[in-house]
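Here the structure comes first, spelled out in structure tokens, and everything after it is commentary.
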Amino acid sequence: MRTDVYVCQMRTPADVSEIAKLFDAGTIDPADIVAVVGKSEGTGLGRDVGRETADLAIRTLLAQRTGCSPAEIADRICIVLSGGSPGVITPHVALFTRKADPEPKPGNSSPRLVVGLSHSEEILPEEIGRMGQISKVRSAVSSAMKDAGLTDPCDVHLVLVKAPSLTTESIADANSRGHETVTRDVSIGPEGAICYSNDGSALGVALALGEATDDQVHDSMVRRDWSVYSDVAMTSSGGEKTHAEVLLLGNSTGSSSPLRIGHRSMRTIIDASAVGGALESAGVARGCDVSETSKTVVYALAKMIMPETAELDGRRITMLDDQVGYHVAKAMGGFLLASLTGHTAVFVSGGERNSHQGPPNGNPLAVIVSMME
């Protein structure tokens, strides 16, 4: 099995012209696409028109080229779009393809990229940020790991999850059925629905991969006990989703892909050394200059969580008081990855204050590199 990644920029939220060119040139068979990951321009909040427009445009194009309906496309593949492209981040999508080798080949001597995907059961509004969501994401991650052909969690380097967030409509729906939601705040604030959903997904990942135990995870610890986390989860949420879409990336010697993935968590939001650590994890030697690194890196992804306190390494910062601090965090991540990899089409989600994604005050980071000489 071979997995490839193709990065296409988008000049507007509805621009899928570069994707169409790859189809027209025969570079990609639309039927081989298993996941679409990327950054859309917009607010980055629960109801983001830019993200919803991009999602629809991608599903419509794939439906046209495969003969399926847009709804069927949403069921067949994972679409993980993070809204908001502040700073130097290029709005884009990365297309993940998977296809069988035309002839059986021996596996690589070194592990190469594999992809697994799964959709959770429907997540109800009252389950978001609670064990209902956590359990359903856990099951979906286990299914995605099986789909990737992996049995050892150590071979998993990244799990992307896009899950539902609360909206005023979904809160009203839960109330009409006699249920209370975990919060009525639909923002990305510390008690906001976006954060609860993202962390519910992260804890589901942690349980599935053995990074946390059953006795550690329960309703009352969500967004409270930061000692429980996943080192490889990058999660996001949106009001347009009803299920969690899971994309799991790892390495296997059974893969014929020319690519490899590695990860390393950032110690703080300014820990640039983690990029070198992730490259090393992927099999790239440290110390290369950016021009050389840019030839090797295919795609880079990071989560940028705002620190718990208004200090960073003992010095005061004002990010937590900034009304658009979540955009600032994403912009910082975009600049960090771009300056060290030479790529601006990078996936940077974030803006939450504290998270179960990555260690306390830290951030998960992953890179996909080409092993072709």
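The values are calculated or read from the model by the stated rules, or taken from the named source; none is laboratory data. Here the structure is a predicted model, which means the values were calculated and not measured. With ideal geometry, Cβ positions are generated from the backbone for all residues, glycine too; neighbour counts draw on all protein chains shown. Accessible surface is based on the protein model in full, side chains and every heavy atom, while ligands, DNA and RNA are left aside. Shrake-Rupley method; radii C 1.70, N 1.55, O 1.52, S 1.80 Å.
Some points to look at:
- Within a Gaussian network of the chain (alpha carbon springs, distance under 10 Å), most fluctuating of 294, 265, 109: 109
- Theoretical ellipticity at 222 nm over the chain - DSSP helices of four or more residues, -39500 (n - 2.57) apiece, nearest 500: -9000 deg cm²/dmol
- For the chain, fraction of C-alpha pairs farther apart than 32 Å, in %: 25 percent
- Converting phi to 3J(HN,Hα) with the Karplus coefficients 6.51, -1.76 and 1.60 and the offset θ = phi - 60°, segment 217-225 yields 10, 7, 3, 6, 9, 5, 6, 10, 9 Hz in sequence order, with x at every glycine or proline.
- Area of residue 182 that stays accessible when all protein chains are in place (1.4 Å probe, Å², to 10): 40 Å²
- Computed on the Cα atoms alone, the convex hull of segment 98-251 gives a volume of 108 cubic angstrom per residue.
- Nitroxide proxy distance, nm - points 7 Å out along Cα→Cβ at residue 64 and residue 175: 4.1 nm
- At full extension, residue 25 and residue 151 could sit 41.7 nm farther apart than now, given 0.36 nm per residue minus the alpha carbon distance.
- Label-point gap, in nm, between residue 289 and residue 268 - each point 7 angstrom along Cα→Cβ: 2.9 nm
- Cβ charges +1 (Lys, Arg) and -1 (Asp, Glu), total dipole of segment 215-299, debye: 160 debye
- In terms of accessible area, using a 1.4 Å probe and ignoring ligands and nucleic acids, 335, 96 rank largest first as 335, 96.
- Averaging the Cα positions of each part gives two centres, and for segment 228-261 and segment 156-221 these lie 17 Å apart.
- Given 295/330; 136/162; 39/136; 303/330, the pairs whose alpha carbons are separated by over 19 Å: 295/330; 39/136
- Judged by the mean number of other Cβ atoms found within 10 Å, the most tightly packed of the peptides 5-12, 148-155 leads the ranking 5-12, 148-155.
- Considering only 71, 54, 81, and ranking their Cα positions along the charge dipole of segment 1-140 that arises from unit charges at the beta-carbon of Lys, Arg, Asp and Glu, the one farthest toward the positive end is 81.
- Build a GNM of the chain with springs between Cα atoms under 10 Å apart, and of 257, 349, 220 the one that fluctuates most is 220.
- When segment 285-373 is reduced to its Cα atoms, the Kirkwood hydrodynamic radius in Å: 14.1 Å
- Rounded, prolate or oblate (a/c below 1.5 giving rounded, otherwise prolate when a/b exceeds b/c) for segment 9-111 by Cα gyration tensor: prolate
- Shape category assigned to segment 236-306 from the gyration tensor of Cα positions, a/c cut at 1.5: oblate
- Cα-centred dipole magnitude for the chain, charges only on beta-carbon of K, R (+1) and D, E (-1), debye, nearest 20: 600 debye
- The GNM of the chain, with springs linking C-alpha atoms under 10 angstrom apart, assigns the highest mean-square fluctuation among 135, 201, 82 to 135.
- Listed by chain and number, the aspartates and glutamates placed with their C-alpha closer than 12 angstrom to that of residue 21 are 29; residues fewer than eight positions away on the same chain are left out.
- Overall, segment 76-172 carries a charge dipole of about 240 debye about its Cα centre when +1 sits on the Cβ of Lys and Arg and -1 on the Cβ of Asp and Glu, all other atoms neutral.
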